Amino acid sequence: MVQSYKKKHTVADHYDAVLIGSGMGCLATGACLAKAGKKVLLLERHYTAGGYTHVFKRRGYEWDVGIHYIGEVHRENGVLKKMFDYVSNGKLQWADMGEVYDRIVIGEKTYDLPKGVNNFKNALKKHFPEESQAIDSYVDLVFKVSKASRSYYAEKVMPPLVQKLLGNKMRRPYLEYATRTTLSVLEELTSNKELIKVLTGQYGDYGLPPSQSSFAMHVSIAKHYFQGGYFPIGGSSQIVKTVAPVIAASGGTILTRAEVARICIENGKATGVQLTDGKVFTGDKIISGTGIMNTYQKLLPKEVTMRYGLNKALKKVAPSIAHVCLYIGLNGSPKELKLPKANYWIYPDDLDHDGCVARFEKDVDQPFPVVYISFPAAKDPTWEERYPGKSTIDIITAMPYDIFKGWKGTPWKKRGEAYDQLKERIAQRLLAELYKKEPQLKGKIEYYELSSPITTQHFMNYDQGELYGIDHNPERYLQRFLQPRTPIKHLYLTGQDIVTCGVAGALFAGFITASAILGKNILKPLIKNNTSKAA
């Protein structure tokens with residue numbers, strides 16, 4: 001059940017667990033605890049639940065904010081599919097995007113990424129026949145590193161004593177690659193710079209170019225889509241719609257317009273949360289899905305943060321990339337407009353990914369380092385029933401937060417002419433990129449709206465408008481404090497900061513956090529007899 005705190009609602013004062021946020025991490029944690037008979041309360045500061053899985057509507061259109069495609073839900077007995085089924089009681093359904101899920105565009109060249117590992121390899125070998133061995137070695141390495149991740153993440157669930165005894169051994173195989181950059185690993189496989197650029201053509205999914213990103217993060221994304229891309233049938237709002245009843249079945253509630261001001265600490269224990277209006281909800285366990293920086297810097301009393309050295313820990317991590325997103329509404333159905341289902345990843349051809357990023361960070365009037373175009377209306381088979389004669393497109397690019405930081409604290413939709421003009425210039429540049437690939441769309445756009453890092457800051461409460469929580473660089477994977485348990489008794493973390501970015505990472509985090517709280521590995525029955533094969 002989703003209720004508004006500002007309207008008539010029915011909630012208790014005490015719960016088995018109180019969760020701060022309603023994104024995928026909190027939804028999954030809450031559902032897993034509910035299935036164990038726990039009564040949970042999820043508190044969402046905004047008017048709609050779901051975090052990056054929510055949708056917004058404007059002028060008769062609907063846009064998915066954070067979900068553009070999901071991988072690894074193709075098999076009924078696949079682990080990720082089972083995880084989504086577990087938290088939604090099997091109600092969440094997925095539509096196949098087709099044979100090609102991503103198109104990597106570098107200058108005038110386009111490299112299609114087809115679903116299926118062998119198809120993926122064969123497609124690349126057609127473009128790079130002399131790199132056949134390197135391509136095979138790359139795919140084998142992706143599966144090897146992915147397999148090593150299991151013990152690394154399993155260690156996060158273990159009791160502290162077990163972590164102390166076995167933690168280093170469980171983490172070591174994964175850290176061998178997680179502590180290296182994507183570029184350093186790929187350069188050992190091939191010297192072909194164009195191939196490296198194609199292999200890392202999805203780096204926007206985690207936000208760091210090859211010389212800065214952890215190879216482990218790259219592996220997570222690459223393997224995730226080997227078997228294609230999928231989209232939630234009915235749009236990403238179906239996630240909350242299907243998970244909320246699971247939470248409600250054990251007496252739980254999702255409460256919107258309920259902003260948490262602080263976590264209540266008594267005698268070194270987390271006992272509850274206080275809302276901005278002073279209302280207190282108490283719980284046996286308090287779980288934050290708002291990101292580790294928000295949790296430690298904003299929600300905990302400063303003296304608590306200092307006492308446990310959490311302020312020093314945060315200096316070892318950094319906020320991830322900021323972005324802008326252009327939401328477009330068009331006259332005409334996806335079929336009429338000939339919209340593809342596959343995403344575009346568009347890059348300049350004169351520099352490698354790192355060079356393009358560095359150039360843009362110095363001067364945002366230079367070519368965009370990456371432009372991602374998604375066609376959600378074409379991906380959802382129910383779209384035409386829900387919005388006949390209309391279509392939507394999302395276009396995303398990286399954007400330094402500093403370009404917009406001068407408007408921090410200004411009211412939404414009332415930030416002034418200079419702000420609007422800056423957004424309009426960026427919007428027109430992004431539209432030009434769209435028309436290069438889909439020229440038939442000229443004259444078909446009825447409405448568009450650009451979100452900025454300040455928009456993300458306002459709605460997601462990330463201090464610098466970051467898209468993926470904290471950065472996925474090699475140093476991140478060495479930080480032992482990025483786990484469900486905190487030094488404060490009864491206070492836990494969930495969400496992408498304790499695993500990896502994205503909806504799938506946050507979902508996984510939910511299972512890890514719930515397992516740590518319940519004292520049992522609730523993932524084990526789902527993982528049993530499920531092994532990924534490079535085929």
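The values are calculated or read from the model by the stated rules, or taken from the named source; none is laboratory data. These figures come from a predicted structure and were not determined experimentally. Reconstructed Cβ throughout: ideal geometry from the backbone, glycine too, with neighbour counts over all protein chains shown.
Taking residues in segment 363-381 that are surrounded by fewer than 24 Cβ atoms within 10 Å (Cβ to Cβ), and partners anywhere that are among the acidic types (D, E) and not in a strand (DSSP E or B), not one pair has Cβ atoms closer than 6 Å while being at least 6 places apart or on different chains. Within segment 296-320, the set of residues being within 19 Å of G268 (Cα to Cα) and among the polar types (S, T, N, Q) comprises Q297, T305, N311. Taking the listed residues F231, F226, the one that is closer than 30 Å to V100 by Cα, aromatic (F, W, Y) and assigned to a strand (DSSP E or B) is F231, with no other qualifying.
The set of residues in segment 66-98 that are of a type in the set (G, A, S), in contact (Cβ under 8 Å) with a residue 60 or more places away in the chain and part of a loop (DSSP other than H, G, I, E, B) comprises G66, G71, G78, G98. Against the list (1) over 23 Å from T494 (Cα atoms); (2) buried (at least 19 other Cβ atoms within 10 Å of the Cβ), the condition G98 fails is (2).
Write out, first by first residue and then by second, each pair whose Cβ atoms fall under 9 Å of each other, whose residues are 6+ apart or on separate chains, and whose first residue, in segment 108-130, is within 16 Å of V142 (Cα to Cα) and free of Cβ contacts under 8 Å to residues at least 40 places away in the same chain while the second is in a helix (DSSP H, G or I) and of a type in the set (D, E). Pairs that qualify, where the first residue is within 16 Å of V142 (Cα to Cα) and free of Cβ contacts under 8 Å to residues at least 40 places away in the same chain and the partner is in a helix (DSSP H, G or I) and of a type in the set (D, E), are K121/D136. Exactly one residue out of L161, L199 is aliphatic (A, V, I, L, M), over 20 Å from Q496 (Cβ atoms) and surrounded by 23 or more Cβ atoms within 10 Å (Cβ to Cβ), and it is L199.
Listed by first and then second residue, the pairs linking a residue in segment 327-339 that is more than 11 Å from P376 (Cβ to Cβ) to a residue that is assigned to a strand (DSSP E or B) and among the charged types (D, E, K, R), with Cβ atoms under 6 Å apart and 6 or more places separating them unless they lie on different chains, are G329/E446; N331/E446. The single residue among A28, A36 that is over 29 Å from Y387 (Cβ atoms) and assigned by TED's automatic domain parsing to the domain that holds A509 turns out to be A36. The selection criterion, being within 27 Å of T392 (Cβ to Cβ), surrounded by fewer than 24 Cβ atoms within 10 Å (Cβ to Cβ) and either more than 21 Å from the chain's Cα centre (by Cα) or touching a residue at least 12 places away in the same chain (Cβ under 8 Å) (or both), holds for Y448. Of all the residues in segment 149-158, those that are crowded, with 19+ Cβ neighbours inside 10 Å and among the aliphatic types (A, V, I, L, M) number 2.
Hey, any hits in segment 13-32 for a residue that's surrounded by fewer than 22 Cβ atoms within 10 Å (Cβ to Cβ) and part of a loop (DSSP other than H, G, I, E, B)? Looking for residues that are surrounded by fewer than 22 Cβ atoms within 10 Å (Cβ to Cβ) and part of a loop (DSSP other than H, G, I, E, B), one finds at least one in segment 13-32, hence yes. Taking segment 33-57 as the search range and keeping residues that are part of a helix (DSSP H, G or I) and not hydrophobic (A, V, I, L, M, F, W, C), which one is surrounded by the fewest Cβ atoms within 10 Å (Cβ to Cβ)? Applying the filter and picking the extreme gives K35.
Tallying residues that are over 20 Å from the mean Cα position of the chain (by Cα) and buried (at least 19 other Cβ atoms within 10 Å of the Cβ) within segment 58-67 yields 1. Quickly run through segment 401-440 and pick out the residues that are among the aromatic types (F, W, Y) and at pLDDT below 95. Of everything in segment 401-440, those that are among the aromatic types (F, W, Y) and at pLDDT below 95 turn out to be Y401, F404, W407, W412, Y419.
When segment 133-146 is filtered for residues that are of a type in the set (D, E, K, R) and in contact (Cβ under 8 Å) with a residue 40 or more places away in the chain, only D140 remains.
For segment 115-152, the set of residues classified as among the small types (G, A, S) and more than 13 Å from A222 (Cβ to Cβ) consists of G116, A123, S132, A134, S137, A148, S151, listed by residue number. Counting only strands (runs of 3 or more DSSP E) that fall entirely inside segment 237-355 and contain at least 2 residues that are more than 27 Å from V55 (Cβ to Cβ) and in the same structural domain as K8 (by TED's automatic domain parsing), the qualifying elements are 260-266, 269-275, 280-288.
Of the residues that make up segment 175-184, is at least one in a helix (DSSP H, G or I), among the polar types (S, T, N, Q) and farther than 30 Å from G78 by Cα? First the steps, then the outcome.
Of segment 175-184, the ones in a helix (DSSP H, G or I) are 175-178, 182-184.
With the extra rule that they be among the polar types (S, T, N, Q), the set shrinks to 182, 184.
With farther than 30 Å from G78 by Cα added as a condition, the list becomes 184.
Among the residues of segment 175-184, at least one is in a helix (DSSP H, G or I), among the polar types (S, T, N, Q) and farther than 30 Å from G78 by Cα, which makes the answer yes.
Residue pairs, Cβ under 9 Å, 6 or more apart or interchain, first in segment 464-477 and closer than 19 Å to R171 by Cα, second basic (K, R) and modelled with pLDDT of 90 or more. List them. Cβ pairs passing all conditions: P474/R180; E475/K316; R476/K316; Y477/R171.
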